[in-house]
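Report on the structure given below.
The values are calculated or read from the model by the stated rules, or taken from the named source; none is laboratory data. No experiment lies behind these values; they were computed from the predicted model shown. As a convention, Cβ positions derive from the backbone with ideal geometry for all residues, glycine included, and neighbour counts pool all protein chains shown. Just so you know, the surface numbers come from the protein's heavy atoms only, side chains and all, with ligands and any DNA or RNA stripped out. Shrake-Rupley method; radii C 1.70, N 1.55, O 1.52, S 1.80 Å.
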Amino acid sequence: PAEPGTRLLLGKLAEYLKHDDLALSWYRSVPRGPAYAEAISRSAGLLDRLGKTEQGLALLHAQQQDQNANADAQRASYQLEAQLQVDHKHFDAALLAYAHGLAAFDADPDLLYGRALLLEQMDRITESEADLRGSLEIDPDNAEVLNALGYTLADRTKRYSEAQRYIEHALILQPDTPAFLDSLGWVQHRLGHDAEAVRNLRRAFALQKVAEIAAHLGEELGLDGATDSARPIWTQVQAPVTANAQPDRSDHNHQA
């Protein structure tokens with residue numbers, strides 16, 4: 001019989017080739033061990049895409065209640081449950097998944113971060129900020145959380161100078177990260193520092209040509225009526241896949 005890692009790989013290959021039933025069969029055949037948790041997660045995601053979301057959630061709930069499951073796998077199952085609920089616009093159910101996860105893993109920084117992004121999406125900014133700060137109390141040099149807090153303050157409050165400090169800290173930890181440069185350019189735009197904003201937004205766009213960064217750069221260039229300058233930016237993101245893309249959600253928490 002195939003080794004567990006091989007079974008998982010065969011499941012991924014079948015999933016890639018759209019042989020969904022075969023993929024699920026391979027995933028189900030993975031025994032407990034290092035590959036088991038990923039097989040459960042991939043099964044849940046695939047079932048959701050097949051319109052069998054409740055079956056996928058049931059797999060995740062079983063993982064969460066499994067006393068023999070790896071703690072990292074259980075934590076990930078709460079995150080995936082929340083993400084599946086968000087994908088279906090079931091925001092309250094997603095919050096409940098995070099609440100259950102945080103009850104099992106008290107003050108877990110990744111769960112706090114995930115819930116913070118959801119709360120921001122729900123316009124619950126004070127609560128989102130509290131979760132981001134809670135995550136930073138545990139992991140103060142987490143660049144992704146620093147950027148998320150800075151961007152949230154820049155985009156959803158008027159605390160621009162404070163926001164800039166968090167974003168600059170993130171960039172010290174991870175220089176030339178496109179989403180972080182976009183955040184810095186956006187807060188500089190808010191502060192009226194247009195030359196610095198254009199420089200950082202151009203750098204971000206050069207590194208990652210996605211619609212959100214293009215929107216920020218286009219808006220900044222448009223401040224001086226520079227429509228001729230802004231037009232090439234929009235032209236470069238006209239392809240459907242690129243135009244709909246967003247910076248990595250782990251790096252950025254805003255959707256244009």
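The table that follows gives values for the structure above.
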item: All positions within the stretch 159-195 that are assigned to a loop (DSSP other than H, G, I, E, B) and out of contact with any helix residue (DSSP H, G or I) (no Cβ under 8 Å at 6 or more places or on another chain); result: P175, G192, H193
item: Leading residue by the ranking (farthest from the chain's Cα centre (by Cα)) among those in the stretch 72-112 that are surrounded by fewer than 18 Cβ atoms within 10 Å (Cβ to Cβ) and among the aromatic types (F, W, Y); result: F105
item: Neighbours by Cβ (under 6 Å, 6+ apart or cross-chain): first from the stretch 190-210, surrounded by fewer than 20 Cβ atoms within 10 Å (Cβ to Cβ); second modelled with pLDDT of 90 or more and hydrophobic (A, V, I, L, M, F, W, C); result: R190/A154; R203/L181
item: Residue list for the stretch 18-31, restricted to those being assigned to a helix (DSSP H, G or I) and among the aliphatic types (A, V, I, L, M); result: L22, A23, L24
item: Test for A62: is it open to solvent by less than 40 Å² (accessible area, probe 1.4 Å), out of contact with any strand residue (DSSP E or B) (no Cβ under 7 Å at 6 or more places or on another chain) and at negative phi; result: no
item: In the stretch 38-59, the residues that are of a type in the set (G, A, S) and either within 19 Å of the chain's Cα centre (by Cα) or open to solvent by 30 Å² or more (accessible area, probe 1.4 Å) (or both); result: S41, A44, G45, G51, A58
item: Any chance A69 is open to solvent by less than 30 Å² (accessible area, probe 1.4 Å), outside any helix (DSSP H, G or I) and among the aliphatic types (A, V, I, L, M); result: yes
item: Odd one out for A107 among (1) over 30 Å from A148 (Cα atoms); (2) touching a residue at least 12 places away in the same chain (Cβ under 8 Å); (3) outside any helix (DSSP H, G or I); result: (1)
item: Failed item, numbered, when P34 is tested on (1) outside any helix (DSSP H, G or I); (2) surrounded by 14 or more Cβ atoms within 10 Å (Cβ to Cβ); result: (2)
item: Test set (1) open to solvent by 70 Å² or more (accessible area, probe 1.4 Å); (2) in a helix (DSSP H, G or I) - E15 fails condition number; result: (1)
item: Of all residues making up the stretch 113-133, the number that are open to solvent by 20 Å² or more (accessible area, probe 1.4 Å) and within 21 Å of D92 (Cβ to Cβ); result: 12
